[in-house]
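A short worksheet on the structure shown next.
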Amino acid sequence: MNILQETKRRLAAALRDAAAAARAAGELSFETLPDFVIETPRDKSHGDFAANLALLLARQARQSPRNVAEILVRHLGKPQPGVARIEVAGPGFINFILDSRWFLPVLPAVLAEDDHYGRSNIGQGIKVQVEFVSANPTGLLHMGNARGAALGDSIANLLTAAGYDVTREFYINDAGNQIENFGLSLEARYLQALGLDAALPADGYHGEDLVETVRRFVDRYGDKYLDADPALRREMLVRFALEEKLAAIRLVLEDFGVIYDVWFSEQSLHDSGAVARAIADLDRAGYIYEKDGALWFKATRFGAEKDEVVVRKNGLPTYFAADIAYHRNKFERGFERVINIWGADHHGHVARLKGALQALGYDPGRLEVVLMQLVRLYQGGEVLRMSKRTGHYVTLNELIDEVGRDAARYFFVMLKSDSHLEFDLDLARSQTADNPVFYVQYAHARICSILRLAKERGMEVPPAREARLELLEEPAEVELIKQIAALPETVVGAAQALEPHRLTRFAHDLAGLFHSFYTTCRVLDDDPELRKARLVLVEATRITLRNVLHLLGVSAPERM
RNA sequence: GCGCCUGUAGCUCAGCUGGACAGAGCAGCGGCCUUCUAAGCCGCGGGCCGCAGGUUCGAAUCCUGCCAGGCGCGCCA
């Protein structure tokens, strides 16, 4: 049910017919009809829909836009269904003012579709993968990862709602230098735990959490690896720590409402030979050369700023090499579109990865990277720098404890991914009511409260067919219905643009319209007919609000 | 130095891929609870859309050049 888009489509067709008729009548001359839009004007006084066709046609027709608009309106001929009035306004817009009853059919549709309301099938079941967070499993998740988690999960929800077949994936960086370094740090902590004087590597992991991890390792294995081969010792420590860290990451993400379909190991790509194969194939295609003892990929051929090493002088493949193999693997698994959520500090990686995929014969457009600016954390008015190596960072675990999952998720997706997120920890900690998520949730709780009371009084929400919905003609009611009707196109737009922040905006607007309605209209009215109609409206609002909140990964509480 | 992102009300941010007089939330001021949750509603004030050019019937939005902030330019990931 998408009454808005259907109406727009029909009006657009009518305008095209009108233009053709006007040309046939010799009143308007043009070669080809320009692509015009029918949009919902910002300003309510401009009607429900506005068309800019006359403005675009004016030049070709060599007439003033307003004249063109008048001619088009005249040729629209018989009254359009649902349209109460048509006006030519401003520079030459054609405004359509709809009969307020035109939107009423959306209410029974919402009740019927229930938790499916807002879904569509523009994705046509196309397989899409969303890879996000993919943090190093060497510590806990920080604020940047948290933003990625909220963003990635909401985008995945949006794509699912738009009819795509979505897979959520976490890429585990369990290979390479960082792991090597991780092992050395663990080893030092291990020796320290056994009372020896061992120093952490200068660029090692200084976080306190490793001390605890090693303590648990000692609980299990004691000093068994004190005199063991250091390589074996580190391998055992790393294996133990990775398992523990990954379990913790998985757990906190679940607390955050994020469940992955696939956890993909980087090491497995090395083990299976996929990395070596990718390099060999690039070489065969002529995009690899040797310099200074290392193997380089000719990324500059594909618009990157510089070429990139794939195999180091020491013979070990780079992270980039593994990433090439990984993304090829994604396509081999049948994903039509592959979406990565990355921190903006990785943006330099985009061009060369796309280049490598192109070199392997894939359309690089199938890889879409959503770059998010990093989260800046404020405390006591000062910026806190976050770094895993210094162990100085606020974890997602702490964030959930202090501000709660709902507020955190809402805040992270409230902004465009492009914009820097300023997270004032003191403000977030202070659980005050100026939190927008409370505003939206409160609207939902208020509705549930009304419905509870109605039930107690034996006044359940009637089947929509039995309600005289045409009684809903207060401005606050009409505005509320229009916003409810706008959910499907909002979801589609947000999914296409990969912009979940459009949903928080929609939710906030919807909540605001409900609050206004609440103060002007009494739902449990003495008039039984009006009461039934309003119960249907309120129920439809509840469903819409809840569905949006769920797309955001935020709960819809029944009481507050 | 080069590349990417950002610059809109005192603060935090929207602005629907070029539309009609630039919007919201906080903060400030003034009203509204004997009736379904006042975590709410209604009203008021507040802006050279970083600056300067250009394209267009029309620019916060597109192009160019500056200015400011963030990030990147590793045989790290």
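Matching residues to (1) of a type in the set (A, V, I, L, M); (2) more than 12 Å from RNA strand B (Cβ to nearest atom); (3) modelled with pLDDT of 95 or more:
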residue	(1), (2), (3)
A:Phe93	no, no, no
A:Ala135	yes, no, no
A:Leu159	yes, yes, yes
A:Gly163	no, yes, yes
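Would you be able to tell me the number of residues in segment A:538-560 that are assigned to a helix (DSSP H, G or I) and within 11 Å of RNA strand B (Cβ to nearest atom)?
Start the filter on segment A:538-560 by keeping residues that are assigned to a helix (DSSP H, G or I), which leaves A:538-551.
Going one step further and asking which of them are within 11 Å of RNA strand B (Cβ to nearest atom), we end up with A:538.
Number of matching residues: 1.
In segment A:509-524, of all residues being within 6 Å of RNA strand B (Cβ to nearest atom) and assigned to a helix (DSSP H, G or I), the one that is most open to solvent (accessible area, probe 1.4 Å) corresponds to A:Thr519. A:Ile97 falls short on exactly one of the conditions (1) among the hydrophobic types (A, V, I, L, M, F, W, C); (2) in a strand (DSSP E or B); (3) out of contact with any Leu (no Cβ under 9 Å at 6 or more places or on another chain); (4) buried (at least 19 other Cβ atoms within 10 Å of the Cβ), and that condition is (4).
Being modelled with pLDDT of 90 or more and open to solvent by less than 20 Å² (accessible area, probe 1.4 Å) is the filter here, so list the residues in segment A:58-76 that pass it. Once the filter is applied, which keeps residues that are modelled with pLDDT of 90 or more and open to solvent by less than 20 Å² (accessible area, probe 1.4 Å), segment A:58-76 yields A:Val68, A:Ala69, A:Ile71, A:Leu72. The residue that is nearest to A:Glu180 (Cα to Cα), counting only those in segment A:137-157 that are modelled with pLDDT of 95 or more and touching an Asp or Glu at 6+ places or on another chain (Cβ under 9 Å), is A:Gly152.
Any idea how many residues of segment A:146-174 are in a helix (DSSP H, G or I) and open to solvent by 20 Å² or more (accessible area, probe 1.4 Å)?
Narrowing segment A:146-174 to residues in a helix (DSSP H, G or I): A:146-161.
Filter once more, keeping what is open to solvent by 20 Å² or more (accessible area, probe 1.4 Å): A:157, A:160.
Summing the residues that are in a helix (DSSP H, G or I) and open to solvent by 20 Å² or more (accessible area, probe 1.4 Å) in segment A:146-174 gives 2.
Of the residues making up segment A:525-537, those that are free of Cβ contacts under 8 Å to residues at least 12 places away in the same chain and within 11 Å of RNA strand B (Cβ to nearest atom) number 2. Scanning segment A:210-226 for residues that are open to solvent by 30 Å² or more (accessible area, probe 1.4 Å) and part of a helix (DSSP H, G or I) gives A:Val211, A:Glu212, A:Arg215, A:Arg216, A:Val218, A:Asp219, A:Arg220, A:Tyr221.
Out of the residues in segment A:526-545 that are charged (D, E, K, R) and open to solvent by less than 40 Å² (accessible area, probe 1.4 Å), which is nearest to A:Ala443 (Cα to Cα)? Restricting to residues being charged (D, E, K, R) and open to solvent by less than 40 Å² (accessible area, probe 1.4 Å), the top hit is A:Glu539. A search for C-beta distances below 8 Å between a residue of segment A:538-560 that is on the phi > 0 side of the Ramachandran plot and any residue that is hydrophobic (A, V, I, L, M, F, W, C) and within 15 Å of RNA strand B (Cβ to nearest atom), counting only pairs 6+ apart in sequence or on different chains, returns A:Gly553/A:Ala150.
Inside segment A:175-200, residues that are open to solvent by 30 Å² or more (accessible area, probe 1.4 Å), part of a loop (DSSP other than H, G, I, E, B) and either out of contact with any Asp or Glu (no Cβ under 6 Å at 6 or more places or on another chain) or without any contact (Cβ under 8 Å) to a residue 12 or more places away in the chain (or both) make up a count of 6.
For segment A:409-422, state whether one or more residues are of a type in the set (Lys, Arg), near RNA strand B (Cβ under 8 Å from one of its atoms), part of a helix (DSSP H, G or I) and within 32 Å of the chain's Cα centre (by Cα). Checked against the condition, which is being of a type in the set (Lys, Arg), near RNA strand B (Cβ under 8 Å from one of its atoms), part of a helix (DSSP H, G or I) and within 32 Å of the chain's Cα centre (by Cα), segment A:409-422 yields no hits at all.
The values are calculated or read from the model by the stated rules, or taken from the named source; none is laboratory data. Nothing here was measured: the structure is a model prediction, and the numbers come from that model. Don't worry about glycine lacking a Cβ; one is built from the backbone with ideal geometry, like all the others, and counts go over all protein chains shown. Side chains included, ligands, DNA and RNA excluded: accessible areas come from the protein's heavy atoms. Shrake-Rupley method; radii C 1.70, N 1.55, O 1.52, S 1.80 Å.
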